[in-house]
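Novice: Shown below is the structure under consideration.
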Ligand SMILES: CC(C)(COP(=O)(O)OP(=O)(O)OC[C@H]1O[C@@H](n2cnc3c(N)ncnc32)[C@H](O)[C@@H]1OP(=O)(O)O)[C@@H](O)C(=O)NCCC(=O)NCCS
């Protein structure tokens, strides 16, 4: 299967919605997709077939963005179309998003919710990706089912990024400090990270 993984763009919004509607009961309005893709443009990924059709996605965001110590990624939704499952696509989508969370936002960990009975997703998160159960959120879903909130620690090493060098660290800190109050720090941090790894 020649499926490739790439960062989602605004052109993918209709396909994202369509795939989500086919795969999950938790659905979102077009404005939510727009908001997510515009605010955290690097974090959502799509799996596309050779004809360019979306066959899987991960939709993700950053929480506690202004507090560098608490800043973390959050996976809002992930799905693979039925006939493309068990080929490693969700694993690749999740890993790509987790890498961007660290590379672009210096995220310390990533969180998500999963239905207590979702065996496939629990296997993906726990066994394949190393997430652990953080707490049980009772009646989290509209139909009354409980959710596990799961977390996975992130570091540059864990997502396959080289460590920042002695020279790049002050640059990164400067970028964080330079971000105006109320503004996301991501562009400045990303610029520093890019300069550091160039
Ligand atoms: C959960 C889901 C995203 C997995 O997608 P996928 O592309 O099949 O996942 P992968 O192929 O990367 O599989 C990852 C791991 O999960 C395992 N897995 C996949 N489906 C499974 C199933 N039905 N039962 C048990 N394990 C399963 C795979 O064998 C693989 O394990 P391994 O790494 O030990 O070999 C997919 O089943 C799906 O879209 N489900 C509906 C939407 C959904 O539930 N999303 C999650 C919401 S929290």
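Novice: Spot the failing condition for residue 123; the list is (1) within 22 Å of residue 3 (Cβ to Cβ); (2) in contact (Cβ under 8 Å) with a residue 12 or more places away in the chain, and only one is missed.
Specialist: The single condition residue 123 does not satisfy is (2).
Novice: Sticking with this structure for a sec: Please list, ordered by residue number, the helices (runs of 4 or more DSSP H) wholly in the range 30-131 having 3 or more residues that are away from the ligand (no atom under 16 Å from the Cβ) and in the same structural domain as residue 16 (by TED's automatic domain parsing). Reasoning before the result, please.
Specialist: Details: elements: 30-39, 89-105, 119-122.
The qualifying helices (runs of 4 or more DSSP H) are 30-39, 89-105.
Novice: Still on this structure: Assess whether residue 164 counts as being in contact with a helix residue (DSSP H, G or I) (Cβ under 7 Å, 6 or more places away or on another chain), more than 25 Å from residue 91 (Cα to Cα) and at pLDDT 75 or above. Give the derivation first.
Specialist: Values: in contact with a helix residue (DSSP H, G or I) (Cβ under 7 Å, 6 or more places away or on another chain): yes; more than 25 Å from residue 91 (Cα to Cα): yes; at pLDDT 75 or above: yes.
So residue 164 fits the description; yes.
Novice: Looking at the range 16-29, which of its residues are closer than 23 Å to residue 88 by Cα and either outside the structural domain of residue 75 (by TED's automatic domain parsing) or in contact (Cβ under 8 Å) with a residue 40 or more places away in the chain (or both)?
Specialist: To start, the set of residues in the range 16-29 that are closer than 23 Å to residue 88 by Cα comprises 16-26.
Passing the criteria: 16, 19, 20, 22, 23, 24, 25, 26.
Novice: On to the next question. Kindly provide the set of residues from the range 108-125 that are at pLDDT 95 or above and in contact with a strand residue (DSSP E or B) (Cβ under 7 Å, 6 or more places away or on another chain), ordered by number. If you could, list the steps in order and put the result at the bottom.
Specialist: Going residue by residue through the range 108-125, those that are at pLDDT 95 or above are 109-125.
If the condition is that a residue be at pLDDT 95 or above and in contact with a strand residue (DSSP E or B) (Cβ under 7 Å, 6 or more places away or on another chain), then 109, 110, 111, 112, 113, 114, 115, 116, 121, 122, 125 are the ones that fit.
Novice: Does residue 134 satisfy the criteria of being at pLDDT 95 or above, surrounded by 13 or more Cβ atoms within 10 Å (Cβ to Cβ) and within 13 Å of the ligand (Cβ to nearest atom)? Working first, answer last.
Specialist: Details: at pLDDT 95 or above: yes; surrounded by 13 or more Cβ atoms within 10 Å (Cβ to Cβ): yes; within 13 Å of the ligand (Cβ to nearest atom): no.
For residue 134, the condition - at pLDDT 95 or above, surrounded by 13 or more Cβ atoms within 10 Å (Cβ to Cβ) and within 13 Å of the ligand (Cβ to nearest atom) - is not met.
The values are calculated or read from the model by the stated rules, or taken from the named source; none is laboratory data. The shown structure was predicted, so the numbers you read here are calculated from the model rather than taken from an experiment. Quick reminder, even Gly has a Cβ in these numbers, built from the backbone with ideal geometry, and neighbours come from all protein chains shown.
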